[in-house]
Amino acid sequence: MTLGDTFGAAFIGLVISAILYGLTVLQTYHYYRTYPRDSKNMKWFVGIMWAGDTVHLILCTWCIYWYLVSNFGNYANLGIPHWTMDLQTDANWVVGCGVQMFFARRLSVIHGSLGIYFTTQAFILKSFAKYKSLTWVTCVGLGSAAAADILIAVSLCYFLHKSRTGFARTDTVITMLMVYAINTGLLTSIFATLSVIFYAAMPGNFVWISFFWSLGRLYINSFLATLNSREMLWEAVLPTDGTFVQLSQTRSDGSNAYRYPTEPKRPIPSLNVTVETTKQQRADYSPTVRPRQ
């Protein structure tokens, strides 16, 4: 195990993660500016996801700084997990599970539970060399995340396909949504699968971290891209046939905390009707005729 295979790989993962975080900030700003009329629950949800992503990046940066700067030359501490290394896992799980809950609540339960278990055991083990005992947790947790991403993408494509209307422009937009759902689910599932493969094959180094640290950014960026694409899709469909695709806003049960985004509300142009009435009176009195007293 060399420094390049461990903290070198983690540093590369941090750089990629920071670049993706820039996209997260940009998309979050665009969302709040473009959709001020969204529900308060949705605005809070976006804010919580952004905060979780920010906390994760802070923990990752702190972790790398502690190992490579604060303990520069202190090789004994390189094998000891810092608390930020253990805690960053939960911050990443929060973002990933939150986004999956937005699409399919029940699919994310196993994913989140195993993430909490991994963090708890990481605090107990006190050594990177003992992380091999957590291989099954990582494989099952990230494997379930990849399976959930694929299942969500397939489900969205199925329901979108059933929503075809026969209008050319509308069907084109539906096809665009299906391609986007497949690409988004495929990207996150690939990163989750690569994290599993590298952790199972090389649990003694941090190559898997370079993929895992970017996974949360991919989740939140896919979520924000879904929200921010509504205006573009609305404008693409409305001018021709006025038909649009709307995901169900009905909650299946009281436990579902969030709804799918709705189309942006457009101001209805005001119509002013002014009625003018002109009343004219004419009186013709002859000087020889006087009204009776």
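The values are calculated or read from the model by the stated rules, or taken from the named source; none is laboratory data. Everything quoted here is computed from the prediction, not taken from an experiment. A quick note on method: Cβ atoms are made from the backbone with ideal geometry, for glycine too, and the neighbour counts reach across all protein chains shown.
Test Tyr31 against the criterion of being out of contact with any helix residue (DSSP H, G or I) (no Cβ under 7 Å at 6 or more places or on another chain) and of a type outside the set (A, V, I, L, M), and give yes or no.
Working: out of contact with any helix residue (DSSP H, G or I) (no Cβ under 7 Å at 6 or more places or on another chain): no; of a type outside the set (A, V, I, L, M): yes.
No.
Could we say that Leu78 is assigned to a helix (DSSP H, G or I) and over 22 Å from Tyr219 (Cα atoms) here? Criteria met by Leu78. Starting from residues that are without any contact (Cβ under 8 Å) to a residue 60 or more places away in the chain and in a helix (DSSP H, G or I), keep the ones in the range 217-236 and report whichever is farthest from Arg169 (Cα to Cα). Filtering the range 217-236 for residues that are without any contact (Cβ under 8 Å) to a residue 60 or more places away in the chain and in a helix (DSSP H, G or I), the one farthest from Arg169 (Cα to Cα) comes out as Thr226. Kindly evaluate Gly216 against the criterion of being within 22 Å of Trp93 (Cβ to Cβ), small (Gly, Ala, Ser) and surrounded by 22 or more Cβ atoms within 10 Å (Cβ to Cβ). Here the answer is yes, as Gly216 does meet what is asked. All conditions in (1) under 17 Å from Trp93 (Cα atoms); (2) of a type in the set (Val, Ile, Thr); (3) at pLDDT 75 or above hold for Val154, with the sole exception of (1).
A Cβ distance below 6 Å, combined with a sequence gap of six or more or placement on separate chains, defines the contacts here; from the range 58-83, residues that are among the hydroxyl-bearing types (Ser, Thr, Tyr) reach residues that are surrounded by 12 or more Cβ atoms within 10 Å (Cβ to Cβ) in the pairs Tyr67/Phe7.
When Ala18, Ala10 are checked against the criterion of being under 22 Å from Asn74 (Cβ atoms), among the small types (Gly, Ala, Ser), in contact (Cβ under 8 Å) with a residue 24 or more places away in the chain and surrounded by 15 or more Cβ atoms within 10 Å (Cβ to Cβ), Ala10 stands alone in meeting it. Consider Leu14 carefully, then state whether it is in a helix (DSSP H, G or I), out of contact with any Phe, Trp or Tyr (no Cβ under 8 Å at 6 or more places or on another chain) and at negative phi. Considered against the rule, which asks whether it is in a helix (DSSP H, G or I), out of contact with any Phe, Trp or Tyr (no Cβ under 8 Å at 6 or more places or on another chain) and at negative phi, Leu14 comes out as no.
Is it the case, given these coordinates, that Asp53 is assigned to a helix (DSSP H, G or I), under 23 Å from Phe206 (Cα atoms), of a type in the set (Asp, Glu) and modelled with pLDDT under 90? Taking the combined requirement at face value, the residue does not satisfy it. Entry remark, the range 45-83: residues being loosely packed, with under 13 Cβ neighbours inside 10 Å and among the aromatic types (Phe, Trp, Tyr) number 2 in total. Of the set (1) surrounded by 15 or more Cβ atoms within 10 Å (Cβ to Cβ); (2) under 30 Å from Ala153 (Cα atoms); (3) at pLDDT 80 or above, all apply to Met101 but (3).
Looking only at residues in the range 21-49 that are part of a loop (DSSP other than H, G, I, E, B) and touching a residue at least 40 places away in the same chain (Cβ under 8 Å), which one is farthest from the chain's Cα centre (by Cα)?
Keep residues of the range 21-49 that are part of a loop (DSSP other than H, G, I, E, B), which gives 35-39.
With the extra rule that they be touching a residue at least 40 places away in the same chain (Cβ under 8 Å), the set shrinks to 35, 37-39.
On the way: Tyr35: 15, Arg37: 19, Asp38: 15, Ser39: 16 Å.
The selected residue is Arg37.
Among the numbered conditions (1) at positive phi; (2) part of a helix (DSSP H, G or I), the only one that Ser214 does not meet is (1).
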